[in-house]
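The structure appears right after this line, and notes come after that.
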Amino acid sequence: GDWTILAACFHFSCQSLLLQIGKEMLEEEARQAEEEKMAYIRENCPTLSFPQCTLELQELCRQLHKQIDLVDEERYDMETKVKKCNKEIDDLKMKVQDLNGRFKKPTLRRVRMSADAMLAALLGSKHKVSLDLRANLKQVKKELKEEVSAEKQTGDWRKNIEDKAGMDGRKKMFEAEA
């Protein structure tokens with residue numbers, strides 16, 4: 001019982017001591033940051049002097065514009081660096097995700113499958129596709145033959161007359177009769 005109380009007291013005193021040390025460290029860091037800020041202001045920001053005439057005012061405006069341009073260039077450079085670093089971070093995160101998601105590829109086996117079965121597997125059961133190319137070709141040929149025979153039956157009479165005119169036409173008629 002006494003050891004438990006003693007351990008609890010020791011734990012509580014260590015915890016409060018750590019909190020006190022942490023608080024002092026935070027105060028010291030805040031004080032140092034304030035000192036650095038004031039030193040930077042003293043170094044980079046000259047004391048404000050109000051111009052007495054127009055020329056001095058114009059010169060002050062020129063200096064301020066130059067400083068604004070310099071600061072703007074620095075800001076742009078920093079912004080570009082930050083964007084580049086963020087892109088690199090995103091790329092590295094993607095690589096880490098890819099590496100974590102890697103798995104062994106299983107060995108593939110050869111499977112004999114017809115073209116119809118392959119298309120059905122790729123397109124799903126909703127789409128019925130057949131690869132009967134010969135039937136399609138025969139249909140096309142039949143349609144062409146029907147069109148040609150329809151043209152022979154109801155051909156243009158002017159064309160027939162032109163074909164029969166002249167020596168070539170007589171030769172064709174002679175060959176057709178023989």
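For the reader, a short list of remarks on this structure follows.
- Within the shell defined by Cβ-Cβ distances under 12 Å, the residues around ILE41 carry a net charge of -2, with Lys and Arg each +1 and Asp and Glu each -1.
- Unit charges on C-beta of K, R, D, E only; dipole of segment 53-100, Debye: 220 debye
- Sum of side-chain charges, LYS84 neighbourhood, beta-carbon under 12 Å (Lys, Arg +1; Asp, Glu -1): -2
- Label-point separation in nm, GLN67 to GLU27, each point 7 Å along Cα→Cβ: 3.5 nm
- Label-point separation in nm, THR80 to MET118, each point 7 Å along Cα→Cβ: 5.2 nm
- Calculated FRET efficiency for the pair LYS87/LEU48, C-beta based, R₀ 45 Å, to 0.05: 0.65
- Environment charge of GLY22, counting only residues whose C-beta is closer than 11 Å and scoring Lys/Arg +1, Asp/Glu -1: -3
- Available extension along the chain between VAL96 and GLU59 is 7.8 nm, counting 0.36 nm per residue and deducting the alpha carbon span.
A short reminder: the numbers here are calculations on the coordinates, not readings from a lab. All values derive from a computational prediction rather than experimental measurement. Methodologically, a virtual Cβ is constructed for each residue, glycine included, from the backbone with ideal geometry; neighbour enumeration extends over all protein chains shown.
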